[in-house]
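See below for the structure under consideration.
The values are calculated or read from the model by the stated rules, or taken from the named source; none is laboratory data. In this text, all values refer to a predicted model and were calculated from it rather than measured experimentally. Glycine gets a Cβ as well: all are built from the backbone with ideal geometry, and neighbour counts include every protein chain shown. Please note that ligands, DNA and RNA were not included when accessible areas were found on the heavy atoms of the full protein model with its side chains. Shrake-Rupley method; radii C 1.70, N 1.55, O 1.52, S 1.80 Å.
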Amino acid sequence: MILDVKKLETGYGRLRVLTGVDLSVGRESVGLFGPNGAGKTTLINTIMGINKPWSGVVTFDGQDIGGKATHLVARAGIALVPQERELFPGMSVADNLELGAAYVPRAAGIGKRQLDMVLQLFPILKERYRQLVGTMSGGQQRMVAIGRALMANPLLLILDEPSLGLQPSIVAEVFERLARLKKEIAILVTEQNVRESLKAIDRGYVLENGAVALRDTAEGLAKNPHVVSAYLGI
Amino acid sequence: MAMKRRTTILVVLGLAAAFLVALWKPTVLIYGVQQAGLYAAIAIPMGLVLGIVHIVNLAHGEFMMVAAYATYFACRATGLDPLLAVLPSAAVTALLGWVVYKLTIRRALKAPELNQLILTFGIGILLSQGVNLLFTSQTRKISLEYVSASMTIGELSFGVWPFVFVIVATAMAVGLKLFLTRTTTGKAALAVGQNPRGAAIVGIDVDRTYGLVFALAMALVGGMGALFLTRSAIFPGVGGPFTMKSFCLVAMAGIGNIPGILGASLLLGLSESFLRAFRELRGWADIIFFVLIIVVILGRSLKGRKS
Ligand SMILES: Nc1ncnc2c1ncn2[C@@H]1O[C@H](COP(=O)(O)OP(=O)(O)O)[C@@H](O)[C@H]1O
Ligand SMILES: [Mg+2]
């Protein structure tokens, strides 16, 4: 396993949000589903060291990363596309992408290759290469955020609601591109749009009230009556 | 966009003032520009800290004062010229800045702004009162021959040495611009200023970047301390007005706007120089910065009401 989360508990102040989560990601693409407020972002932010775990273990690539500073987690090989994008609005697409690779040892010396790959995946970024990111549309910014993460040549790519605020036509496109990536990179993705994302993942977890309520393959989830009624809206 | 417009306004106003003053009394223009250089060279490092660490350092001028004192005693002991002390002084204040950052400022970064202001204000008092206790409030000066070098053009005669401040301020602005937009470390610092969480996510050590930027700013202001000593007398309270004026200039320019600081300094330097030209108004020169800051605040609240 590349990522192993065991009995993870955390929260905000006195509010306990995660009540013991077990989750793992190997060389595969894994979905993380659940209603708004279930704790998906909290789980991801805790893996990333943005929130600190109260208890439990987070292992990545053989190292214990639980509670480590965010920049060290990033350097170890996890790239995050945050729900809020967290770009550098006053800097160009070029600089945002460059900084995605600049501090990650895994990306050292292969910046050009990663850049070509990103610009091929999102040709619009090539056109807007010198534009300030803060002046771009939400959808384009989402692409910059995904591109910035890919620049790091990550071992694990985590995407938090990548289709948030995107037009439906673009959503399908993003997932099609993610499906292409999953051959090379381990992916953990949270999504409100369960139907689209089931096409791009191998396995999935359903998080409810801060704990894993369900785990299954993509086909299994698509057939599960609870998933169908609660998330596929049939 | 708003930033660009403000920079343009400041620079145009500054140049227009320069032109009018030049028609009337060229020496007023020359002294105004020289003073503007001094103000800008001191304010730019404060703008750097505010733009990236998001802290108003109310001990800013006091750091310069401490550097000037260190230079003074070093030069007295060795007989060397303060100009030779610019780099060593910068190195020492950088170190002092780093220590102050590590011990105090980083602990206040998440605190309310008022606490941060009280903290740096307190550091400033500590520095000026510490120097007062150790070395008394006596005024100290190093007399240098080249400082009184003057130049005569037609009827016009003026000192040339203070132009060094104009050169230093310009070099600082250009150098910082290049550093922040052309080097990886500079881009990372800019990124930290715009979005610290985003910066950490791509592997940038935010805390270390804050420390480096603070130390760099203190290095610049420390170098200025040595340079300041070439021309001016020093005493424990000499830094205070520079803190206030730097703050005024940085507020006029807007956060993270280094070219704007140059324009604002020109406006302040010329206004002061203009007032000094009239004997009855001379006393007002020292508080004109206060008028400028009130105008800025009024302008901003009016604009805020409109939108
Ligand atoms: N910064 C925060 N401070 C306090 N509570 C928070 C914070 N962020 C999220 N929460 C709470 O934690 C719970 C889980 O939120 P989140 O992890 O964002 O869920 P999801 O991403 O699944 O929608 C919610 O009840 C939310 O209100
Ligand atoms: Mg979320």
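The table below lists the values:
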item: Among (1) under 15 Å from the mean Cα position of the chain (by Cα); (2) modelled with pLDDT of 95 or more, the one test that A:LEU132 misses; result: (1)
item: Among the residues listed as B:THR209, B:THR185, B:THR139, the single one being over 28 Å from B:LEU267 (Cβ atoms) and exposed (fewer than 12 other Cβ atoms within 10 Å of the Cβ); result: B:THR139
item: Among residues of segment A:189-234, those that are within 16 Å of ligand 2 (Cβ to nearest atom), open to solvent by 60 Å² or more (accessible area, probe 1.4 Å) and closer than 23 Å to A:LEU166 by Cα, counted; result: 1
item: Residue check, A:GLY26 surrounded by fewer than 23 Cβ atoms within 10 Å (Cβ to Cβ), without any contact (Cβ under 8 Å) to a residue 40 or more places away in the chain and either assigned by TED's automatic domain parsing to the domain that holds A:LEU178 or of a type in the set (Lys, Arg) (or both); result: no
item: Criterion (surrounded by 15 or more Cβ atoms within 10 Å (Cβ to Cβ), within 10 Å of ligand 1 (Cβ to nearest atom), assigned by TED's automatic domain parsing to the domain that holds A:GLU219 and not hydrophobic (A, V, I, L, M, F, W, C)) met by exactly one of A:ASN51, A:ASN36; result: A:ASN51
item: Residue within segment A:75-88 that is surrounded by fewer than 21 Cβ atoms within 10 Å (Cβ to Cβ), within 16 Å of ligand 2 (Cβ to nearest atom) and among the β-branched types (Val, Ile, Thr) present; result: no
item: Residue in segment B:154-162 that is touching a strand residue (DSSP E or B) at 6+ places or on another chain (Cβ under 8 Å) and at the interface with chain A (Cβ under 9 Å from one of its Cβ atoms) present; result: no
item: Qualifying residue in segment A:135-149 (condition: within 16 Å of ligand 1 (Cβ to nearest atom) and either within 14 Å of chain B (Cβ to nearest Cβ) or among the β-branched types (Val, Ile, Thr) (or both)); result: no
item: Qualifying residue in segment A:176-187 (condition: in a strand (DSSP E or B) and of a type outside the set (D, E, K, R)); result: yes
item: Selection within segment A:107-119 - over 17 Å from B:ASP205 (Cβ atoms) and either assigned to a helix (DSSP H, G or I) or at the interface with chain B (Cβ under 10 Å from one of its Cβ atoms) (or both); result: A:GLY111, A:LYS112, A:ARG113, A:GLN114, A:LEU115, A:ASP116, A:MET117, A:VAL118, A:LEU119
item: Matching residues, segment A:1-23, being open to solvent by less than 10 Å² (accessible area, probe 1.4 Å) and more than 10 Å from ligand 1 (Cβ to nearest atom); result: A:LEU3, A:VAL5, A:LEU8, A:VAL21, A:LEU23
item: Boolean, B:LEU292 is buried (at least 16 other Cβ atoms within 10 Å of the Cβ), without any contact (Cβ under 8 Å) to a residue 60 or more places away in the chain and in contact with a Phe, Trp or Tyr (Cβ under 6 Å, 6 or more places away or on another chain); result: no
item: Residues being more than 26 Å from A:LEU119 (Cβ to Cβ) and either in contact with a helix residue (DSSP H, G or I) (Cβ under 8 Å, 6 or more places away or on another chain) or not assigned by TED's automatic domain parsing to the domain that holds A:SER29 (or both) - total across segment A:191-209; result: 7
item: Within segment A:151-160, considering residues that are closer than 15 Å to A:SER29 by Cα and crowded, with 21+ Cβ neighbours inside 10 Å, the one nearest to ligand 2 (Cβ to nearest atom); result: A:ASP160
item: Residue satisfying condition, being away from chain A (no Cβ under 14 Å), within 25 Å of A:ARG130 (Cβ to Cβ), within 18 Å of the chain's Cα centre (by Cα) and assigned to a helix (DSSP H, G or I), within set B:LEU176, B:LEU229; result: B:LEU176
item: Neighbours by Cβ (under 6 Å, 6+ apart or cross-chain): first from segment A:68-97, within 8 Å of chain B (Cβ to nearest Cβ); second of a type in the set (Asp, Glu) and not in a strand (DSSP E or B); result: A:HIS71/B:ASP205
